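The values are calculated or read from the model by the stated rules, or taken from the named source; none is laboratory data. Worth saying up front: this structure is predicted, and the values here are computed from it rather than measured. Cβ: placed from backbone, ideal geometry, glycine included. Neighbour counts: every protein chain shown.
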């Protein structure tokens with residue numbers, strides 16, 4: 001039985017439609033409902049609902065809290081999947097990469113462009129991929145989404161295309177846009 | 001084969017999630033995609049995509065346009081279903097009732113609390129009900145939603161409960177709230 | 001609050017896919033799970049899981065049991081919806097019509113061509129329609145499916161088209177096929 | 001852009017419910033419809049609909065045809081995913097492993113316990129996992145299902161549990177059951 005830590009921080013993947021406000025919001029965590037749609041007979045999932053925020057509203061203190069939570073979990077090492085808003089997922093991932101050394105397992109960040117359970121959502125696809133990638137990837141910090149696994153320091157969000165792409169680098173310069 | 005006019009005006013039922021803005025909006029009509037999920041072997045549906053507006057943004061001119069469209073259709077009489085935002089659905093219905101006389105078929109207004117295709121949506125239920133109600137109800141203007149058919153002059157939206165309820169009347173006074 | 005009796009007898013609408021046998025079977029009743037997808041704020045549904053049979057395997061004793069159950073319920077009159085296999089739904093309906101007199105509410109039979117929850121299923125559509133039709137139709141025995149309400153003595157299943165159609169009659173002769 | 005060969009052979013994952021026979025059958029390929037639900041912006045999928053058979057009905061000639069098709073594709077090497085009935089998936093996989101040498105990419109076999117699009121189906125999960133595993137796994141023949149990746153010579157189906165499990169070996173003996 002494979003143990004795996006799942007840390008939920010919110011983001012689009014967990015947004016719900018509020019009938020009262022007529023808008024999509026991070027209200028309650030709904031990710032567990034979607035895990036129940038997956039068959040995971042050999043996975044022991046230990047879920048932490050850390051926060052439920054749009055990642056544009058995450059502060060440095062929030063990111064530190066993610067880091068501390070991961071650090072705490074890794075005292076008893078196992079792969080980690082973090083669900084996160086896509087807008088600042090890379091920032092959080094880079095913080096983890098800078099701060100954590102000697103990783104024995106991968107840390108996978110994922111999220112969604114459209115909330116879980118909305119028509120056309122990529123949420124369940126990304127969860128499914130991340131739970132498998134966390135078993136197959138080598139140690140390190142990764143972003144897994146849309147059938148791709150990116151090392152965290154080589155990826156950026158392309159808002160126009162609603163996807164993540166390889167970050168271009170020229171002569172060692174990080175052309176982050 | 002039963003003919004039926006479907007007039008789409010927008011409202012929550014047709015809202016979509018925009019990945020660019022992260023909000024729900026009335027962008028393109030999507031109702032036809034959902035009709036294709038229904039089996040309607042004896043129904044000849046003639047759909048008019050009149051406008052695509054949140055009903056709180058509908059003006060009196062918009063409502064007049066709905067009325068004129070219905071009047072135009074009824075030159076060749078058949079039942080009518082109008083999809084509409086729930087917030088001012090009753091206003092539009094009352095205008096139709098005041099303005100149209102000698103109806104030979106029912107005019108049914110419907111909508112949804114959560115957009116079609118979002119988890120927990122009531123949209124397809126309400127469409128299904130309205131298409132049947134338009135065949136079974138007597139002439140008049142009706143609001144059909146959540147397994148209920150209300151005469152338009154006896155109904156109001158209860159925002160707290162996210163449903164429509166019978167409007168209370170005391171001694172002939174219309175206690176509209 | 002409208003009371004309504006729901007009597008489940010099985011049929012395709014309640015079939016499930018058995019992973020052990022690789023076939024579709026009437027095992028456990030699943031209709032309640034689908035009712036929970038509908039918003040029925042003004043409906044008090046009293047469900048009886050009477051049997052769970054393919055209607056080709058229903059015996060005359062089974063049909064009598066349906067009749068007796070309806071008779072028992074109608075001591076406290078309210079509309080009735082019966083979910084039933086489509087192959088012999090008309091036979092059961094005709095038995096009810098012959099046997100019950102002085103009906104105060106409609107009795108609606110419905111079912112599905114494809115089981116609830118299978119891609120392309122008509123099950124939830126037919127349930128939705130039947131629950132509304134039971135509130136709108138005059139007393140009598142009806143078959144409600146695919147946006148149509150048929151008097152039970154004027155309908156037959158067209159297996160080729162996977163739908164129900166008006167039974168043709170010529171000069172009083174019942175051309176039942 | 002990652003190229004990937006998808007070879008569809010049928011099996012439960014592609015079964016459909018036939019309204020005419022009331023049974024589930026391998027009629028037409030439906031896998032493409034489900035691929036369109038996935039976001040695969042960096043994947044160039046080349047699909048071959050080779051056959052559409054229940055894997056209990058696959059003959060040795062059928063398995064040879066699968067082998068020849070893979071051999072043909074690998075002239076221009078890329079990862080391969082084969083959708084297949086679960087009952088004899090391991091046999092086909094072992095044939096591929098014995099017959100193909102010098103693999104540069106993984107060959108992934110997958111399938112489902114319940115057909116794509118039926119309530120509770122594991123089909124889309126397994127497709128999603130396989131398309132990612134084909135990018136992440138080392139060369140070799142693999143079976144990917146239910147969040148697990150098994151080397152083909154170490155796995156067997158457990159029919160009771162409706163899952164695949166590690167094949168037990170004692171003192172070098174292959175206790176294949």
(message) Tell me yes or no: at least one residue of region C:163-173 is over 18 Å from residue C:11 (Cβ atoms) and within 14 Å of another protein chain (Cβ to nearest Cβ).
(response) yes
(request) Go over the candidates C:116, C:137, C:127, C:100 one by one and state the one that is modelled with pLDDT of 95 or more and farther than 27 Å from residue B:122 by Cβ. (result) C:100
(request) Give the residue, chosen from B:20, B:39, that is crowded, with 20+ Cβ neighbours inside 10 Å, free of Cβ contacts under 8 Å to residues at least 24 places away in the same chain and part of a loop (DSSP other than H, G, I, E, B). (result) B:39
(request) State all residues of region C:42-62 that are touching a strand residue (DSSP E or B) at 6+ places or on another chain (Cβ under 8 Å) and part of a helix (DSSP H, G or I); if no residue qualifies, say none. (result) C:55, C:62
(message) Looking only at residues that are touching a helix residue (DSSP H, G or I) at 6+ places or on another chain (Cβ under 8 Å) and within 14 Å of chain B (Cβ to nearest Cβ) in region A:130-159, which one is nearest to residue D:43 (Cα to Cα)?
(response) A:146
(message) So for region B:61-69 (the condition being away from chain A (no Cβ under 14 Å) and within 30 Å of residue C:138 (Cα to Cα)), does at least one residue qualify?
(response) no
(message) Please pick out the residue among D:13, D:107, D:82 that is in contact (Cβ under 8 Å) with a residue 60 or more places away in the chain, closer than 15 Å to residue D:152 by Cβ and not in a loop (DSSP other than H, G, I, E, B).
(response) D:82
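Okay, residues lined up against (1) surrounded by fewer than 18 Cβ atoms within 10 Å (Cβ to Cβ); (2) more than 14 Å from chain D (Cβ to nearest Cβ); (3) within 30 Å of residue B:164 (Cα to Cα):
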residue: A:10; (1), (2), (3): no, yes, no
residue: A:30; (1), (2), (3): no, yes, yes
residue: A:45; (1), (2), (3): yes, no, no
residue: A:56; (1), (2), (3): yes, yes, no
(request) Could you please find all residues in region A:97-129 being more than 14 Å from chain B (Cβ to nearest Cβ), over 12 Å from residue A:34 (Cβ atoms) and surrounded by 24 or more Cβ atoms within 10 Å (Cβ to Cβ)? (result) A:107, A:108, A:109, A:110, A:129
